[in-house]
1. Which residues, counting only those in region 85-100, are more than 17 Å from S208 (Cβ to Cβ) and loosely packed, with under 11 Cβ neighbours inside 10 Å?
2. List the strands (runs of 3 or more DSSP E) that sit entirely inside region 125-223 and contain at least 1 residues that are surrounded by 11 or more Cβ atoms within 10 Å (Cβ to Cβ) and under 19 Å from the mean Cα position of the chain (by Cα).
3. Considering only residues that are hydroxyl-bearing (S, T, Y) and assigned to a strand (DSSP E or B), look in region 101-124 and name the one that is surrounded by the fewest Cβ atoms within 10 Å (Cβ to Cβ).
Amino acid sequence: MLRFFFWALLIINAILLSFNFGLFDSMFENTREPLRMKAEKNPDKIKLLNANEAQDLIDAQTKKAEPILACLEVSGFTAAEGKSFDEKLKPLALAERLTRTELAEVATNMVYLPSLGSKDAAEKKAAQLRKLGVTEFYIVQDQTPLRWGISLGVFKTPEAAKTHLANLAKKGLKEAKLAPRSVSAAKINYRLENLNEEEKQAIIQIKSAFPQIQSQACKSSSE
């Protein structure tokens, strides 16, 4: 009986040893290989990349991950408006990403109120204008026939001046006049580069306080 168990154990060990050395692989290869292929996901789509192709793929993924930076041009501020805009931009700390330029524009069409005869009369009229909601004006004080009159705006084209005149009439100011007059006025323009989405939206919100100001997208100098 012991001899039987001895030979049985010896045969089992011999079989296991043969499996370990791969002596039976040829018998099971055809059945194991389809199972291995089935376990793989889309083996036909596996593609080996060389070093350059792999680097290109890494670069493309990196570019996708980088935030898209915006560039904005905001133009047409008067000196007073520019000063106010500067103050509102300070919390954004744009530093070298902000470029401020000042250009002289010549306007040849003036909307105005004729001379009121005295400083007191002009100031009284100015108070009335504010009550009508008219805030863009100044009292003329130079030595001209228009002294103590009120300038309500100067425009580059007659069409723009006429539109302003019509808007004033809607507010109840019907005595305003239009006349040609060359006036040189400084206009301040801003270029704001490399803005993230949060900064861009903050600037758009700030600009909304200046409805007459124009803005447009631009191409960053770093591109």
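1. Of everything in region 85-100, those that are more than 17 Å from S208 (Cβ to Cβ) and loosely packed, with under 11 Cβ neighbours inside 10 Å turn out to be K90, A93, A95, E96.
2. Fully inside region 125-223 and qualifying: 177-195, 214-217.
3. T101
Here, each number is a calculation from the coordinates, and none is a lab measurement. Remember, predicted model here, so these are calculated numbers, not experimental data. Virtual Cβ from ideal backbone geometry, glycine too; neighbours counted across all protein chains shown.
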